[in-house]
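**Student:** Mind having a look at this structure? Questions to follow.
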Amino acid sequence: MQGKKNCQLVEVFKTEQGIVYQCNRQNMFCLEFSGVSSFFKITDFLDFIKKVNKIDIEAMASSTSPGSDIAILMPHYTERCFVLTMTDVLKLRELLSGAKFMLQLNSMIFQCLSNPVS
Amino acid sequence: MKDLLRLRTSLTEEIEALLNEQIKIEAYSSAVYLAMSSWCNRNGYDNSASYLEKQSYEEREHMMKIFRFVNDMGGRAVSPEITNIPQEFESFRGVFELALQQEIHVSSKINNIADRCFKAKDYMTFQFIQWFLKEQIEEEYVARRILELFDVIGEEGTGRWQIDKNIPKVTYGEEAGEE
């Protein structure tokens, strides 16, 4: 289990609901959401974003069956079970897509800096 | 801030998705060729059955080539789920018409990957995919030539027997020239 002790955390993206950090020492991401921290390896974090984006919000909203307004994500790479309401899903998506954008932007900046236009 | 995305892989999300899609297409082709082989075997076209079985094996090799590349580049190669494989075919000729259509479809997908690699300036994947572009020239040529046998020899009388006999002999020009 990962802790924050040996981490060198850099904030990637923040919303009112949570924060995504990057640990430059362990090459991992830390997601703080609903007051709980979860650590992800790079590939797992990207996979988690995909999983959250795949949640069918419309189906959750339109179904009348009990429990349909809750989405449960239990990725094997974390010990956390994400129990998400529709609002949680939207808030988590906002946080993750913002983080992903910042990571891609960071990559682009690195690329530009390593290939400066003369 | 360290560039963790680049540390993981040099493949962009888009290129990785395209390569995984291609893995699935190659796996589908392999499965279809195998079904065609079985159909030919059931209907007495032994040479075609062997030829198609060999093709199926080749398609799987193509799939594995891409699969290994994605993993080697730090990406996540996905073992594909293959469904809806046709097991019955209209006719002997129909089998090879479908084979040509499948090869044309593969060529179009490979072309698209090359195009996207160029646009994304991913020249490593572009170089990798060039082997497939060359391979598709051969695949389409052979599939077309086989289909032409049906017109050249004709299906009447012992025609199909002759066609079946000649199918394994069809090779691409460069390859044939080397012999």
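The values are calculated or read from the model by the stated rules, or taken from the named source; none is laboratory data. Predicted, not measured: the structure shown is a model, and the values here were computed from it. FYI the Cβ positions are ideal-geometry reconstructions off the backbone, even for glycines, and counts take in every protein chain you see. Surface accessibility is based on the protein's heavy atoms, side chains included, excluding ligands, DNA and RNA. Shrake-Rupley method; radii C 1.70, N 1.55, O 1.52, S 1.80 Å.
**Student:** Have a look at B:Tyr33, B:Tyr28 and point out the one that is open to solvent by 20 Å² or more (accessible area, probe 1.4 Å), part of a helix (DSSP H, G or I) and in contact (Cβ under 8 Å) with a residue 24 or more places away in the chain. Full working, then the answer.
**Tutor:** On the way: B:Tyr33 fails: open to solvent by 20 Å² or more (accessible area, probe 1.4 Å).
B:Tyr28 is the lone residue from the list that is open to solvent by 20 Å² or more (accessible area, probe 1.4 Å), part of a helix (DSSP H, G or I) and in contact (Cβ under 8 Å) with a residue 24 or more places away in the chain.
**Student:** If you don't mind, there's one more thing I want to ask. Hey, any hits in the range A:71-86 for a residue that's under 26 Å from B:Glu14 (Cα atoms) and touching a residue at least 40 places away in the same chain (Cβ under 8 Å)?
**Tutor:** Filtering the range A:71-86 down to residues under 26 Å from B:Glu14 (Cα atoms) leaves A:73-78.
From what's left, touching a residue at least 40 places away in the same chain (Cβ under 8 Å): A:78.
Yes, the range A:71-86 has at least one match.
**Student:** Quick one: in the range A:56-89, of everything that is within 14 Å of the chain's Cα centre (by Cα) and among the β-branched types (Val, Ile, Thr), which residue is modelled with the lowest pLDDT?
**Tutor:** Checked the range A:56-89; the qualifying residue modelled with the lowest pLDDT is A:Thr78.
Residues are listed down the side, and each one gets a yes or a no for (1) more than 10 Å from chain B (Cβ to nearest Cβ); (2) among the hydrophobic types (A, V, I, L, M, F, W, C):
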{"residue": "A:Gln26", "(1), (2)": "yes, no"}
{"residue": "A:Thr64", "(1), (2)": "yes, no"}
{"residue": "A:His76", "(1), (2)": "yes, no"}
{"residue": "A:Thr85", "(1), (2)": "yes, no"}
{"residue": "A:Gly98", "(1), (2)": "yes, no"}
{"residue": "A:Leu103", "(1), (2)": "no, yes"}
{"residue": "A:Ser107", "(1), (2)": "no, no"}
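**Student:** Can you say whether A:Leu105 is among the aliphatic types (A, V, I, L, M), over 18 Å from B:Glu14 (Cα atoms) and open to solvent by 40 Å² or more (accessible area, probe 1.4 Å), as far as the supplied structure shows? Don't jump to the end; show me each part of the working.
**Tutor:** Values: among the aliphatic types (A, V, I, L, M): yes; over 18 Å from B:Glu14 (Cα atoms): no; open to solvent by 40 Å² or more (accessible area, probe 1.4 Å): yes.
No: the conditions fail for A:Leu105.
**Student:** Restricting to the range A:28-47, give me the number of residues that are under 14 Å from A:Leu92 (Cβ atoms), more than 10 Å from every other protein chain (Cβ to nearest Cβ) and touching a Phe, Trp or Tyr at 6+ places or on another chain (Cβ under 6 Å).
**Tutor:** 1
**Student:** If I filter the range B:72-121 down to residues being part of a loop (DSSP other than H, G, I, E, B), of a type in the set (D, E, K, R) and at negative phi, which single residue comes out as most open to solvent (accessible area, probe 1.4 Å)?
**Tutor:** Checked the range B:72-121; the qualifying residue most open to solvent (accessible area, probe 1.4 Å) is B:Glu90.
**Student:** Only residues in the range B:45-68 that are over 9 Å from B:Glu26 (Cβ atoms) count as the first member; pair them with residues that are open to solvent by less than 60 Å² (accessible area, probe 1.4 Å) and of a type in the set (D, E, K, R), Cβ under 6 angstrom, at least 6 apart or cross-chain, and list the lot.
**Tutor:** Partner pairs satisfying both residue conditions: B:Tyr45/B:Asp164; B:Asn47/B:Asp164; B:Ser48/B:Asp164.
**Student:** Here is a follow-up. Of the conditions (1) part of a loop (DSSP other than H, G, I, E, B); (2) open to solvent by 60 Å² or more (accessible area, probe 1.4 Å), B:Glu21 fails just one. Which one is it?
**Tutor:** Every listed condition holds for B:Glu21 apart from (1).
**Student:** Just to verify a result, which residue in the range A:107-118, among those that are part of a helix (DSSP H, G or I) and not β-branched (Val, Ile, Thr), is nearest to B:Leu5 (Cα to Cα)? If you could, list the steps in order and put the result at the bottom.
**Tutor:** Our first condition is that a residue be part of a helix (DSSP H, G or I); within the range A:107-118, this holds for A:107-114.
Checking which are not β-branched (Val, Ile, Thr) leaves us with A:107-108, A:110-114.
Values: A:Ser107: 7, A:Met108: 10, A:Phe110: 11, A:Gln111: 12, A:Cys112: 15, A:Leu113: 16, A:Ser114: 15 Å.
If we take residues in the range A:107-118 being part of a helix (DSSP H, G or I) and not β-branched (Val, Ile, Thr), then A:Ser107 is nearest to B:Leu5 (Cα to Cα).
**Student:** When you scan the range B:47-61, do you find a residue that is over 18 Å from the mean Cα position of the chain (by Cα), within 21 Å of B:Ile167 (Cβ to Cβ) and away from every other protein chain (no Cβ under 14 Å), even just one? Steps first, answer last, please.
**Tutor:** Initially, the range B:47-61 is screened for residues over 18 Å from the mean Cα position of the chain (by Cα), giving B:47.
If we keep only those that are within 21 Å of B:Ile167 (Cβ to Cβ) as well, we get B:47.
Within this subset, residues satisfying the condition of being away from every other protein chain (no Cβ under 14 Å) are B:47.
Yes, the range B:47-61 contains a residue that is over 18 Å from the mean Cα position of the chain (by Cα), within 21 Å of B:Ile167 (Cβ to Cβ) and away from every other protein chain (no Cβ under 14 Å).
**Student:** I want to confirm something. Restricting to the range A:43-99 and keeping residues that are basic (Lys, Arg) and under 25 Å from B:Asn71 (Cα atoms), which single residue is least open to solvent (accessible area, probe 1.4 Å)?
**Tutor:** Initially, the range A:43-99 is screened for residues basic (Lys, Arg), giving A:50-51, A:54, A:80, A:91, A:93.
Then keep just the ones that are under 25 Å from B:Asn71 (Cα atoms); that gives A:50-51, A:54.
On the way: A:Lys50: 97, A:Lys51: 75, A:Lys54: 166 Å².
Among those that are basic (Lys, Arg) and under 25 Å from B:Asn71 (Cα atoms), it is A:Lys51.
**Student:** If only one of B:Leu11, B:Leu4 is open to solvent by less than 30 Å² (accessible area, probe 1.4 Å), of a type in the set (A, V, I, L, M, F, W, C), without any contact (Cβ under 8 Å) to a residue 24 or more places away in the chain and within 14 Å of chain A (Cβ to nearest Cβ), which one is it? Write out each step before concluding.
**Tutor:** On the way: B:Leu11 fails: without any contact (Cβ under 8 Å) to a residue 24 or more places away in the chain.
Going through B:Leu11, B:Leu4 in turn, just one is open to solvent by less than 30 Å² (accessible area, probe 1.4 Å), of a type in the set (A, V, I, L, M, F, W, C), without any contact (Cβ under 8 Å) to a residue 24 or more places away in the chain and within 14 Å of chain A (Cβ to nearest Cβ): B:Leu4.
**Student:** Restricting attention to the range B:131-141, and to residues there that are of a type outside the set (Lys, Arg) and open to solvent by 80 Å² or more (accessible area, probe 1.4 Å), which single residue is farthest from B:Ile23 (Cα to Cα)? Talk me through it step by step, then tell me what you get.
**Tutor:** Let us first name the residues in the range B:131-141 that are of a type outside the set (Lys, Arg), namely B:131-133, B:135-141.
So of that shortlist, the ones also open to solvent by 80 Å² or more (accessible area, probe 1.4 Å) come out as B:131, B:137.
Working: B:Trp131: 15, B:Ile137: 19 Å.
My answer is B:Ile137.
**Student:** Pick out the one residue from B:Arg144, B:Arg160 that is over 30 Å from A:Gln111 (Cα atoms), open to solvent by 40 Å² or more (accessible area, probe 1.4 Å), touching a residue at least 40 places away in the same chain (Cβ under 8 Å) and over 19 Å from the mean Cα position of the chain (by Cα).
**Tutor:** Only one candidate passes the filter, namely B:Arg160.
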